[in-house]
Amino acid sequence: MSRPRAVPAMSPEAAEAVLDPAALAAFAQVCDLVPDVVLAEFDSAAARAALAEAEVLIIGWGCPPLTAEVLAAAPRLRAVVHTGGTVRGYVTEACWERGIEVSSAAAANALPVAEYTVAMILLSGKKVLERAREYRASGEDPGRWLSTSRTLGNFGRTVGILSASLIGRRVIELLRPYDFRVLLHDPYVTDEQAGELGVEPVSLPELFARGEIVSVHTPLLPATRGLVSRELIDSMRQDAMLINTARGAVVDQEALAAAALAGRVRAVLDVTDPELLPKEHPLWHSENVLISPHLAGSQGNEWGRLAEHAAAEIARWSTGVGFAHPVRRERLDRLA
């Protein structure tokens, strides 16, 4: 197969982040980019002219939906390579009906989220953030370390993972060098597969009842909205930690706020629902809750990993090997 003609399609902000000189050079090694074109819309004459040439679309955040009308303007299009995670909102049913092959950088984007999660697990076990805040306020002699509670520390701590998604599996992998007991709830993972992952499969109630730290990695689907319910939150152990890097709507935030304000549980939330919580929301007012601005996913120099991933996928596809990370139509109902 010859070098494919490729066109980037994403918002100007995404293009500035992802398509830096190094990324453009990587793409130039494996495909012929239509010169000086990044499509943020598909309706103009210039956009339609670029689409007419495209064999591959390199899409990113802000790409308009690839509707049947758009595909009609791209008769040569055979593949879509996404530089982000989920393809929902971009790849439509028309793409599957046309037989267009789709790849995603979800696996590449999983690594920084998993790194953030593991960092928060380790910090949580030592109560680093809370103890640093108390130390600053009290100026207490740090020499009292021999009198710390035996509930503190990461030796033998029980960590619960909700969903063996790409990110959930990467978290499990990164936790292996540490002395944790790792529980997993995922209805699609068999006991044999859980054994291969090195985790103990448990029911959803058991995950929350036993986990000293529970990390949420389930995608937001109709079946998972509000999955982390008030009942599950109320069943958590005293001083347990809930980490959510998935989607805010998976968690009953009002129940979590009540438990946190009562001093029963702690939480690290990189996602909320809505994305920016109103300033009066009680989660902002609990010292037991850390809210970060959806920063766990790829940012800064990590965008380079996404571009490298996409370029590698185009290289494989153009030589007939096929995508290493294809998105399958039949699995969409289980993906983020």
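The values are calculated or read from the model by the stated rules, or taken from the named source; none is laboratory data. This one's a predicted model, so the numbers in the text were calculated from it and none came from an experiment. FYI the Cβ positions are ideal-geometry reconstructions off the backbone, even for glycines, and counts take in every protein chain you see. When the accessible area is computed, the model is the full protein with side chains, heavy atoms only, and any ligands, DNA or RNA have been set aside. Shrake-Rupley method; radii C 1.70, N 1.55, O 1.52, S 1.80 Å.
Quick notes on this structure:
- The set of residues in region 54-92 being charged (D, E, K, R) and modelled with pLDDT under 95 consists of ARG88 alone.
- Filter result for the condition that a residue is over 17 Å from VAL113 (Cα atoms) and assigned by the TED database to the domain that holds LEU183, over ALA240, ALA267, ALA246: ALA240
- Residues that are of a type in the set (D, E, K, R), under 19 Å from the mean Cα position of the chain (by Cα) and open to solvent by 30 Å² or more (accessible area, probe 1.4 Å) within region 162-213 comprise ARG169, ARG170, GLU173, listed in sequence order.
- Residue count for region 73-91, restricted to those that are over 17 Å from GLY322 (Cα atoms), outside any strand (DSSP E or B) and of a type outside the set (Ser, Thr, Tyr): 9
- Counting the residues of region 1-19 that are in contact with a helix residue (DSSP H, G or I) (Cβ under 7 Å, 6 or more places away or on another chain) and open to solvent by 50 Å² or more (accessible area, probe 1.4 Å) gives 3.
- Being closer than 17 Å to VAL214 by Cβ and out of contact with any Gly (no Cβ under 6 Å at 6 or more places or on another chain) holds for only one residue in THR151, THR190, THR158, and it is THR151.
- Test: LEU152 is at pLDDT 85 or above, closer than 17 Å to VAL265 by Cα, open to solvent by 40 Å² or more (accessible area, probe 1.4 Å) and part of a helix (DSSP H, G or I): no
- Of the residues making up region 148-182, those that are closer than 25 Å to GLY85 by Cβ and aliphatic (A, V, I, L, M) are VAL159, ILE161, LEU162, ALA164, LEU166, ILE167, VAL171, ILE172, LEU174, LEU175, VAL182.
- Count - residues of region 19-53 that are within 15 Å of VAL81 (Cβ to Cβ) and touching a Lys or Arg at 6+ places or on another chain (Cβ under 9 Å): 5
- Residue that is most open to solvent (accessible area, probe 1.4 Å) [pool: residues in region 275-300 that are assigned to a helix (DSSP H, G or I) and out of contact with any strand residue (DSSP E or B) (no Cβ under 8 Å at 6 or more places or on another chain)]: HIS285
Let's see how each residue does on (1) open to solvent by 10 Å² or more (accessible area, probe 1.4 Å); (2) touching a Lys or Arg at 6+ places or on another chain (Cβ under 7 Å); (3) modelled with pLDDT of 95 or more; (4) under 14 Å from ASN288 (Cα atoms):
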{"position": "GLU231", "(1), (2), (3), (4)": "yes, no, yes, no"}
{"position": "ARG237", "(1), (2), (3), (4)": "yes, no, yes, no"}
{"position": "ASP252", "(1), (2), (3), (4)": "yes, yes, yes, no"}
{"position": "ALA262", "(1), (2), (3), (4)": "yes, no, yes, yes"}
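- Residue in region 121-136 that is touching a Phe, Trp or Tyr at 6+ places or on another chain (Cβ under 7 Å), among the polar types (S, T, N, Q) and either under 30 Å from LEU175 (Cα atoms) or assigned to a helix (DSSP H, G or I) (or both) present: no
- Criterion applied to LEU183, LEU220, LEU207, LEU242 was being touching a Leu at 6+ places or on another chain (Cβ under 6 Å) and not in a helix (DSSP H, G or I), and the one residue passing it is LEU183.
- Conditions (1) touching a His at 6+ places or on another chain (Cβ under 9 Å); (2) over 26 Å from ARG88 (Cβ atoms); number of the one not met by HIS285: (1)
- Some residue of region 63-72 being open to solvent by less than 10 Å² (accessible area, probe 1.4 Å) and in a loop (DSSP other than H, G, I, E, B): yes
- Filtered residues of region 50-69 (kept if β-branched (Val, Ile, Thr) and under 19 Å from HIS309 (Cβ atoms)): VAL56, ILE58, ILE59
- Residue selected from region 112-131 under the condition open to solvent by less than 30 Å² (accessible area, probe 1.4 Å) and within 12 Å of the chain's Cα centre (by Cα), by the criterion nearest to ILE213 (Cα to Cα): THR117
- For the residues ALA46, ALA94, the requirement of being part of a helix (DSSP H, G or I), farther than 17 Å from TRP317 by Cα and in contact with a helix residue (DSSP H, G or I) (Cβ under 6 Å, 6 or more places away or on another chain) singles out ALA94.
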